Ligand SMILES: [Zn+2]
């Protein structure tokens, strides 16, 4: 039996064991094999389905444990949650799930920020979001405007400004 701590060492979190197969090989030295399928999150909070093949050499008193990742593929958050409901987690899944979800939201926000950020209509460089909170006025200015190279700027409607500021907050950029 492979301990959950072995999977934690590999950087997996929110571990849900699915299917396990054990067999023993006795050709030269006795070797116990375990093939474990699981779903989990990796360090970046990406939900994965993984198959790990463990080989335990019984003569080496536990020191002969080797693992090989046979399969590792991304799954959706919804798929992960389905497995979690069905099989339950071996470690503190709810905690890691919350962390992973937050990380996912942060990345989505970063992606939308990039999508919403226009290029300068004059020189084509990226623009920077500026917000004067006391007036509630938001506008884009050209990234090279501070160097006096371009004075491209444009006004941002309130609704867009509000959405953009929310995304910045989720992405921890303000
Ligand atoms: Zn410009």
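The values are calculated or read from the model by the stated rules, or taken from the named source; none is laboratory data. Since this is a predicted model, take the numbers as computed values, not measurements. No Cβ is skipped: glycine too gets one built from the backbone with ideal geometry, and neighbour counts run over all protein chains shown.
Please pick out the residue among 109, 98 that is outside any loop (DSSP other than H, G, I, E, B), free of Cβ contacts under 8 Å to residues at least 12 places away in the same chain and within 30 Å of residue 169 (Cα to Cα).
Result: 98 is the single residue among 109, 98 that is outside any loop (DSSP other than H, G, I, E, B), free of Cβ contacts under 8 Å to residues at least 12 places away in the same chain and within 30 Å of residue 169 (Cα to Cα).
From the list 31, 40, exactly one residue is under 14 Å from the mean Cα position of the chain (by Cα) and under 17 Å from residue 2 (Cα atoms). Which is it?
Numbers: 31 fails: under 14 Å from the mean Cα position of the chain (by Cα).
It is 40.
Residue by residue, here is whether (1) exposed (fewer than 12 other Cβ atoms within 10 Å of the Cβ); (2) within 32 Å of the chain's Cα centre (by Cα) holds:
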position	(1), (2)
117	no, yes
125	no, yes
133	yes, no
137	no, no
140	no, yes
148	yes, no
153	no, no
161	no, yes
168	no, yes
Subject >> Selection from segment 124-154 of residues that are more than 18 Å from residue 114 (Cα to Cα) and either part of a strand (DSSP E or B) or near the ligand (Cβ under 10 Å from one of its atoms) (or both) >> reply: 132, 137, 145, 149, 150, 151, 152
Subject >> Cβ-Cβ under 8 Å pairs, at least 6 apart or on other chains, segment 61-81 side in the same structural domain as residue 31 (by TED's automatic domain parsing) and closer than 15 Å to residue 36 by Cβ, far side at pLDDT below 95 and in a helix (DSSP H, G or I) >> reply: 65/6; 67/6
